[in-house]
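Report on one structure; see the data block that follows.
The values are calculated or read from the model by the stated rules, or taken from the named source; none is laboratory data. Computed from a predicted model, the values in this text were never measured in an experiment. Cβ coordinates were reconstructed from backbone atoms using ideal geometry, including for glycine residues, and neighbour counts include every protein chain displayed. The accessibility values were calculated without ligands, DNA or RNA, using every heavy atom of the protein model including side chains. Shrake-Rupley method; radii C 1.70, N 1.55, O 1.52, S 1.80 Å.
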Amino acid sequence: MQVSQRPTVLLCTEGTYPYAGGGVSRWCDVLCTELADIDFVLYALTGVPEASARFALPTNVRGIVHLPLWGTQEPGEYAFPGATFRELLSRRRRTSRLAIEQSFLPILGQLLAAIREGRGDVEVGRVLHGMWRYFQRHDWNRTWRSASVWEAFIAQASRPVEQDPAPLAHERPHLHDLTAALRWLAHFLLPLAVPIPRADLVHTTVAGFAALAGIVAKHEHGTPFVVTEHGVFVRERYMSLADGEFSPFATRFLVDLASLMARLSYAHADVVAPVAGFNRRWELPYGADPRHIEVIYSGIDTTLFRPRPKPAGARPTVVAAARVFPLKDIETMIRAAAVARAAVPDVQFIVYGSLEVDPPYVERCRALIGELGLEESFRLAGPHASPPDLYIEGDISVLSSISEGVPYAVLESLSCGRPVVATDVGGVAEVLGGLGIVVPPRNPMALGEAVAALLTDGELRRELAHRGRELVEARFRTEYTIAAYRDVYCRLAPVAAEPGDARVAATPLAMP
Amino acid sequence: MTPPGRRAGPASALDALAAEVLRDVVPIDRWAVAVALETRGIRDADAVHRYGHRDVFALADEIHLRCRRLLADGAPLAGSSAPPATGRRPLWRQYLQGLLAALPMVVPLVAVLLGLGASGGFTDAHATALVLGMALSFVVAGGPMQAIGRLGSYYRGQGSDVLATRVAGGVLRVGLALAAALAWYGLNLALGLFPHETALASSLYSVTLAVLWLALAILHMLEHYGLILLSVAAWVATYVLLAAIGVPIVLAQGLGIAAAAVLALVAGVGRLLWRARGLDDGVVHARLPRGALLVRAAAPYLAFGALYFGFLFADRIVGWSAAAPPEYPLFFRRAYETGLSFALVSLVPTLALLHVTMHAFTARCAAAQRRFRPEERLAHNRSLERFYVGGLALVSGVAMTSVALTYVIARELGAAGLFGPTGTRAASGALGATQVLDAGVVAPFVFWWSALAYALLAWGLLNAGILFSLSRPAPVVWAIAAAGIGGSAVGFGLSRNLGYWYSAAGLAAGAFVFALASAAAVIHVLRRLDYHLYAAE
């Protein structure tokens, strides 16, 4: 049934591998590199076209479909340069007003209804599959920018919502909100504009818009579908949108879209693989089937991250591996440093991580450092050239995030024999298992005191360092992660299995 | 939501928590509140022990309801969903930028007038060469100029500086190739029609000017207005300096243009390369659409650029060919050019105003979209129709004032002898027409008719700006094509029967067609502005 003996996995990313750094990208890099006997095709969503590859791709990565959601005049053409000019023109020609009204508007109506009603089941997946089929023959811009689509959207949005409790005045949309909302929809659904590369399995690293490729492939070819979740997509969308940057209506529309994608991802997944059990509490209410959830922890290269002595003569040092942006709550870390300094006067904190993510936030942090007189004790040092050496520079490491999946920083630190003081968020307490100190988030006093306590108790530090390393070796080695995914791939895409293995077919979609 | 018997949570603590949540986030729904609680460090254990709820989600339900109650009672929302500060420049700066953008177009014409007034051996044959060269340069460079502005701004607006740079560089190369072709074919063509010196001068003028326009378009796209001013200054300075040391005027003119072109090109290309180098570092995946699609997207703007400048110079071609000396197919008309140039000068303040008006229109659209509800679409569209009419009135007012002022100033300057003593210059001029506006028939006639034409043109350009900003270029292209054809036909008929200078009336007729046809398109679009604002690129 399959020609190739090397299975092909379509690996879907959103704003990460191979165009950005960070934990998810490194995770993808390890996966592709270590599973050398499996071919990968990358399906990478980014914000704008200007993306540079941050990783040297291994040879088993056979291709990249790069799909920028913004900044392309001809979005379909961008991701699929194979189409001939004539084909593109005939798509335009086919996209008549009649075609839009007869073939597209009914699909759009069903999708908008699903968004409003908070549905995201297989039935809705079928609607999106229908939309994808439509766009394999019709022009994207012409369809979305037609007056018929705008009228249909306005009509739908102006219909009174049966919402309990009734919407408040500020939740009713202005024209601006609807304009932005429909444009967003046309941009976020862009994966529906392009052909999906054939693969034996689709694996998305996020239950977001990149998952559209897997949902369509499942309906079109019955391709098995795996969802890995680092941070929970919908939860992180809530977090990034909650600050009131957009109007309430626009915010609601965006989180509704995110919820739609999360529900659809879980509903179509053969395996949902969160990186920590913590994620379950969000995945289950959004419709993930508990029988499909398999926690697969992210592993650490324990030969690279190994305990070595701290350089002699250095001050008591606390290191942190964190890009400087609000989710990492560096401000709390700075205040905690002031608390810790009271007990350990020559303590120094060094934060290694990009300062480019949110420059205004970095400025705020710098101002706070100045305000608290911490210039000699707290350094924002930018990215570190060699992550394994980063932890070695410290006595302990610290994590002040307000949200995490399972932070690499914690596991890497333990692997290097450096105990951790971390906030009790996401999967942190779950993986630490008592081998570190966890404190409530956004609590500089607790964080600072814990740091000071650990710095002044050498025996506790040595004890935690030893047992932390043991823990990582026993449960969080890269090899375990890779083996788990190889197992998932083999189970779902039988071509990946060795001859003679028991083959389990991918869960077929229930087609009522 | 809360299990019975667990309502132990102290109401005041819950209200305090709700108020805290409300300060940080917009409580869209229970999930948003749950996230807010989690990021405040509240865990399931805290929900149970401190607030008496089953878990964070149950607590979130409760807090969400309380938040809504607080909002209904008038509590303010977190953040600001107010329009973001757009960093709008003050009006006078916008106006100055508009002036700078319009300035380069006027300088060569003023130079012709001044050249005729100076005593540097600048003949009407030279003037013919210069004006024809200018017309050709605009027609050749006009399309690429529009395309640079359009595509470049699109990609800059999308945050893709690399692509903006690449597309501008690409169009620039195409434009320069066109200019080179013009140099070759234009020269060969001109050699057949004109005496050698005129042909050569005309050809060189057209090429250097085309290069200058393209380079200025790049600077304009990059919003380096200072460099535009600098290159115009270099032009004037070179000219004045060379003329002062006795270099023939026609050569001083050419070298002035060349200096400006080189400066603008080096500056523009330098900025492009610098940006590309800074941004291209490691960028592997930014790609423009294939050429065919780009050309297709830019086609209306390319066409508009060429047609617009073709229209602007058509009346001269029509008029000057009506009464040329036998050895020339067409010949410079001093009185005609005088009238036309002063009319064009009177257009500059109006063109600068258009720059401001377009900014205001965009800002007004953004504000109106945030004020009107979907069910008030018609009111929204009507409010912007009113704004358009107001803008039109303002443009007309400024245009009329500017024309009147220009007339008065030109008359005073003429009387003061700036353009040379009327009698002797007229005698040495080809056909003896006068150069001041209040004497003779031709100059005043041309001034008033072309001033009317340019005022109508300003209206048309206002329409074009609105339609371009809404990505509806097609009607503008049709309107300017109709204007060119209609205006030339009217001008041809009149100039062959009533006097060559009647081609200025043709210009006015064409401008009338342009203004009216584009205004009809604008009204059509404004009636459904809510849709067009959505559909614009």
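Quick notes
- Accessible surface of the protein assembly as shown [probe 1.4 Å, protein heavy atoms]: carbon and sulfur percent: 61 percent
- Estimated FRET transfer efficiency (B:Glu20, A:Thr456; beta-carbon r; R0 41 Å; 0.05): 0.75
- Taken over the protein assembly as shown, the convex hull of the Cα atoms encloses 203 Å³ per residue.
- Spin-label pair B:Leu193-A:Glu220: with each label point 7 Å from Cα along the Cα-Cβ axis, the two points sit 5.6 nm from one another.
- Relative counts (whole %) of C-alpha pair distances in segment B:303-375, using bins that are 10 Å wide: 15, 26, 25, 15, 10, 6, 2
- Helix screen, chain B: DSSP H segments with Cα axial length of 24 Å or more and mean Kyte-Doolittle hydropathy at least 0.0 are B:91-117, B:124-157, B:161-181, B:196-221, B:225-244, B:249-280, B:291-322, B:334-371, B:377-415, B:442-469, B:474-497, B:503-527.
- Chains A and B, summed buried accessible surface - 1.4 Å probe, Å², nearest 100: 6100 Å²
- Per-pair calculated FRET efficiency, R0 = 35 Å: B:Arg89 and B:Thr401 via Cβ, rounded to 0.05: 0.90
- Summarising the label geometry, the points placed 7 Å from Cα in the beta-carbon direction at A:Gln156 and A:Ala56 lie 4.8 nm from one another.
- Cα long-axis angle, helix A:359-371 against chain A (0 to 90 degrees, to the nearest 10): 20 degrees
- Nitroxide proxy distance, nm - points 7 Å out along Cα→Cβ at B:Leu229 and A:His466: 7.4 nm
- Rolled with a 1.4 Å probe across the full set of protein chains, the surface gives B:Asp29 an accessible area near 20 Å².
- Relative contact order %, chain B, counting alpha carbon pairs below 8 Å whose residues are six or more apart: 15 percent
- Percentage relative contact order, chain A, counting C-alpha pairs under 8 Å, at least six apart: 13 percent
- Protein-only accessible surface at a 1.4 angstrom probe places the residues B:Trp449, A:Trp70, B:Trp320 in the order B:Trp449, A:Trp70, B:Trp320, largest first.
- For chain B, the per residue solvent-accessible surface stands at 41 Å², with DNA, RNA and ligands left out and a 1.4 Å probe.
- For B:Leu241 and A:Ser240, the FRET efficiency from 1/(1 + (r/R0)^6), where r spans their Cβ atoms and R0 equals 45 Å, is about 0.15.
- Relative contact order (%) - segment A:320-415, alpha-carbon pairs under 8 angstrom, separation at least six: 40 percent
- Average projected area [Cα convex hull, segment B:287-343], square nanometres: 6.4 nm²
- Solvent-accessible area per residue for segment A:305-438 (1.4 angstrom probe, square angstrom): 35 Å²
- Helix-only [θ]222 nm of the protein assembly as shown, DSSP H runs n ≥ 4, -39500 (n - 2.57) each, per residue, nearest 500: -20000 deg cm²/dmol
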